[in-house]
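J.: Here it is: the structure, laid out below.
Only the coordinates and a few stated rules stand behind these numbers; no lab work does. Small disclaimer: the values here were computed from a predicted structure and weren't measured. With ideal geometry, Cβ positions are generated from the backbone for all residues, glycine too; neighbour counts draw on all protein chains shown.
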Amino acid sequence: ALIKPSPEAITTKFETPQGPPKIYLVDHFFGKVGDSVLIHGENLGGLHQQSSVILSGKKISEENLVSWTGKYIEFKVPANAISGRVEINILGQRTSWPGMFFVVDNAIQTEINLIKSGDDPNEAILTGTNLEGGKELLMWLLIINNDGELKLTAEPGVNMTQTSINLPLGKIYEVRLGLSNNLVQLLKVVKNDNQAVGIARAELSTNDGRLIPMKVNPLYVSF
């Protein structure tokens, strides 16, 4: 994970929320059964009989909860899980992460990757593998040390729009890439010295709005 808090076992300690719960990030946004997933947020309270974590409409059982504090929750992807939204219910107040969590296995071959440039340590190319059928890629690029801006340049044949979101964890660039057929190189990313950049969300959609399950290889990309 790009952001990894110190593991804390599930305890009866409860941090009384000072406001409604918020989810900033689900890290990673994909995983196979048994993988650990971190929910980063605020006002998450702690383990409580009136609070729960929900994946694709199903409550995560306590045996699959690893850690729970006021700022993050760690859980393991349960057996028979399916892709869907990650939600939390904190003392009756519900919220969800806007992204999609993909349950993947070795059969999933659709992936994206940031490959460092050999000439410039601050430059990388976003590449895609097996993106056939996808027409738009929605992606979050997260900067941990967020002094300075990323410079993003779409490769030929790619239409790009971008916005930015400031979170306590860092700055997110939300990028939408309109794809044409058989593209491999999608985007050039240039960062500043000492910045860490990772792919925090990715959703590949078809013309009819269906999402194609995908992953990032290696598991979390930073450069």
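J.: Modelling each spin label as a point 7 Å along the Cα-to-Cβ direction, I'd like the residue 61/residue 144 distance in nm, to one decimal.
T.: 3.4
J.: So, one more: Which residue, 195, 117, 55, has the largest displacement toward the positive end of the dipole of the chain when charges sit on each Cβ (Lys, Arg +1; Asp, Glu -1)?
T.: Checking the options against the dipole of the chain, the answer is 55.
J.: Right, another one. Dipole of segment 22-103, Cα-centred, from +1 at each Lys and Arg C-beta and -1 at each Asp and Glu C-beta, to the nearest 20 debye? Could the numbers behind the result be given before it?
T.: Working: 8 positive and 7 negative charges, 39 e Å.
Dipole size: approximately 180 debye.
J.: Hey, another quick one. What's the exposure ranking of 153, 127, going from fewest to most Cβ atoms within 10 Å? All intermediate terms of the calculation are to be shown ahead of the outcome.
T.: Working: 153 11, 127 17.
Starting with the residue having the fewest Cβ neighbours, the order is 153, 127.
J.: Sticking with this one: Place a point 7 Å from the Cα of residue 35 along the Cα-to-Cβ direction; which residues of segment 69-86 have their backbone N under 14 Å from it?
T.: 75-79, 81-84
J.: If you don't mind, there's one more thing I want to ask. Which of 71/191; 59/135; 71/171; 71/116; 22/58; 32/171 have a Cα-Cα distance over 25 Å? List each step's numbers first, then the result.
T.: Values: 71/191 28 Å; 59/135 32 Å; 71/171 18 Å; 71/116 32 Å; 22/58 19 Å; 32/171 27 Å.
From 71/191; 59/135; 71/171; 71/116; 22/58; 32/171, over 25 Å: 71/191; 59/135; 71/116; 32/171.
J.: Now a separate question. Could you check what % of the DSSP bridge pairs in segment 22-103 are antiparallel, to the nearest 5?
T.: On the way: 24 of 26 bridges.
So the antiparallel bridges amount to about 90 percent of the total.
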